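Have a look at the structure below, then the notes.
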Amino acid sequence: MGHVRGLVAASLVLAMSAVGAPPGAAAPEGQMTWAVHVSLAPTWFDPAETSGIITPFMVLYALHDAMVRPSPGQAMAPSLAESWSVSPDGLVYEFVLRKGVQFHNGDTVSAEDVKFSFERYRGASAKPLKESVAAVETPEPGRVRIRLKRAWPDFMTFYSNATGAGWIVPKKYVEKVGDEGFKRAPIGAGPYKFVAFTPGVELVLEAFEQYWRKAPSVKRLVLKSIPDDTTRLVALKRGEVDVAYAIRGTLAEELRRAPGLTLKPVLGQVTNWVYFAEQWDPKSPWHDRRVRLAANYAIDRQAINQAEILGFAKLIGSIIPSSFEFYWQSPGYAYDAARAKRLLAEAGYPNGFDAGDYFCDAAVTYLGEPVVNYLNAAGIRVKLRPLERAAYFRGWSEKKYKGLIQGGSGAFGNAATRIEAFLAGGGTYAYGGYADIDGLFSEQANELDPKRREATLHRIQQLVHDKVMVAPIWLNAGMNGLGPRVEESGIGLITGYIFSAPYEDVKLKGK
């Protein structure tokens, strides 16, 4: 993210030449199949509804393209915008569109599509993004000008990767079919076009050979929803799928020993934590800092890491990935079951207490189960409530849960974007806030001096730790399996991104 500061400091133009398919390049062929650990939701087909998590990008990187996006070797690579510049005062951003880029229906990507996509964006962080923009102008069909109300150092972070506002959809088509029609038959400008979707079963995509960067190598991509870990591994062993996401624990050991299969771990930017949703309620036990601290000491993070992720996860003591700009190294919380019980007794709960539900993403019950067991052992009696991913995040953002919430996010961004979504008062997933933290957050949002901003964001993270707002668990590692036909899975090509991408780079052996 360091180059964002340079953008704000002075006018700068970044450019990337289009890389077209060379004459005589082989046509896409073959089929590559993924076993996906979650149920694919149609809301993820529409960039306008992108939530503050990484999962929708599993689809976005195939169907759609962005003005600027994370790509191999670049956190902000020019894509549909071949270049952009910013005025010396940091108030005006101007983007030059790549010429001749087409949507899957043959329409040319234009400035009107860019303006339309920004204005219809309603996903996570839409509020701070739109409140900072005074106008989106289209002086020419191939040029877009975004005027800010104030100089905002994180504008490009939000526009390029922390939200879906910069992922472009065709205005005419969306207006014709409507939002629901678009989710049923999405059209984008990405390397693959929509073929079919069977809810709860699979998504089928086909190569878009006119994709500006290069024609994909593989003709057809299939994403199969297989929520059960064992079934995903069996499918990989049988050759029914080529890539299997989220293979952990003893199954990962089994995969590592299996002839012809490859275990592919990748440490990305997915953090998990326990969120104390009732800490602002004076009548709740969670209002007492000692109770929240007890929960932290009750969890043996390293034991869970070894058992489930074979030690590949990283214990960082924060919800913010250690690779993010402005990350502050927290001292974390050591496992100390005796101390946890003493703290509960000091808070008035010598025999523990009934803490209600522990909500989690059903795809991450492998983490929720041991955490719940550790909490119960300490006297914090909770019941695991796994929910399907899309429904889980919707309920969290709508503030429907009480008790404990197992948080998780792998979204792109920096320390400020994570704090804004999950910790600052008014955030998409924040159930409350603290005046000192919220005041500092507002202060850093207007600070153009990188050093001062860093100091403020570090202070916020220190306060989060001191107040025990969350129980951080780890920086997770994706544990994936590759079959013998795979030459390039795309996993790990983009720094911090745990899934396959760019899809035009995936390749089967001999293809």
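The values are calculated or read from the model by the stated rules, or taken from the named source; none is laboratory data. None of these values were measured; they are calculated from a predicted model. All Cβ positions, even for glycine, are placed from backbone atoms using ideal geometry, and neighbour counts span all protein chains on display.
Before moving on, here are some points about what is shown:
- If the condition is being within 23 Å of residue 488 (Cα to Cα) and in a loop (DSSP other than H, G, I, E, B), then the range 48-82 contributes 54, 55, 56, 64, 65, 72, 73, 79.
- Qualifying position, being free of Cβ contacts under 8 Å to residues at least 24 places away in the same chain, part of a helix (DSSP H, G or I) and of a type in the set (A, V, I, L, M), among 234, 204: 234
- Any hit, the range 121-141, residues being of a type outside the set (Phe, Trp, Tyr), touching a Lys or Arg at 6+ places or on another chain (Cβ under 7 Å) and closer than 19 Å to residue 55 by Cα: no
- Elements of type helices (runs of 4 or more DSSP H) in the range 305-411, at least 2 residues being under 20 Å from residue 51 (Cα atoms): 389-397
- Summed over the range 252-302, residues that are under 30 Å from residue 509 (Cβ atoms), buried (at least 20 other Cβ atoms within 10 Å of the Cβ) and of a type in the set (S, T, N, Q) total 1.
- Candidates 392, 429, filtered to the one that is aromatic (Phe, Trp, Tyr) and touching a residue at least 40 places away in the same chain (Cβ under 8 Å): 429
- Residue 201 meets all of the listed conditions (1) surrounded by 15 or more Cβ atoms within 10 Å (Cβ to Cβ); (2) over 30 Å from residue 438 (Cα atoms); (3) at pLDDT below 95 but one, namely (1).
- Tally, over the range 128-165, of residues that are in a helix (DSSP H, G or I) and touching a residue at least 60 places away in the same chain (Cβ under 8 Å): 9
- In this structure, residue 455 does satisfy being in a helix (DSSP H, G or I), out of contact with any strand residue (DSSP E or B) (no Cβ under 6 Å at 6 or more places or on another chain), small (Gly, Ala, Ser) and within 21 Å of residue 322 (Cβ to Cβ).
- If you go through the range 83-104 and keep only what is out of contact with any Pro (no Cβ under 7 Å at 6 or more places or on another chain) and either closer than 29 Å to residue 185 by Cβ or assigned to a helix (DSSP H, G or I) (or both), you end up with 95, 97, 98, 99, 100, 101, 102, 104.
- Taking the range 417-446 as the range and being small (Gly, Ala, Ser) and at pLDDT below 95 as the test, the residues that pass are 421, 426, 427, 442, 445.
- Restricted to the range 370-416, and to residues there that are surrounded by 17 or more Cβ atoms within 10 Å (Cβ to Cβ) and among the charged types (D, E, K, R), the residue that is nearest to residue 37 (Cα to Cα) is 389.
- Residues of the range 250-264 classified as touching a residue at least 12 places away in the same chain (Cβ under 8 Å) and among the polar types (S, T, N, Q), total: 1
- Residue within the range 308-321 that is without any contact (Cβ under 8 Å) to a residue 60 or more places away in the chain and of a type outside the set (S, T, N, Q) present: yes
- The residues on offer are 247, 168, and the sole one that is closer than 23 Å to residue 42 by Cβ, in contact (Cβ under 8 Å) with a residue 40 or more places away in the chain, β-branched (Val, Ile, Thr) and crowded, with 16+ Cβ neighbours inside 10 Å is 168.
- The condition (being assigned by TED's automatic domain parsing to the domain that holds residue 49 and more than 12 Å from residue 63 (Cβ to Cβ)) is satisfied by just one residue among 220, 213, 184: 184.
- Yes/no for residue 251 being in contact with a Lys or Arg (Cβ under 9 Å, 6 or more places away or on another chain) and modelled with pLDDT under 95: no
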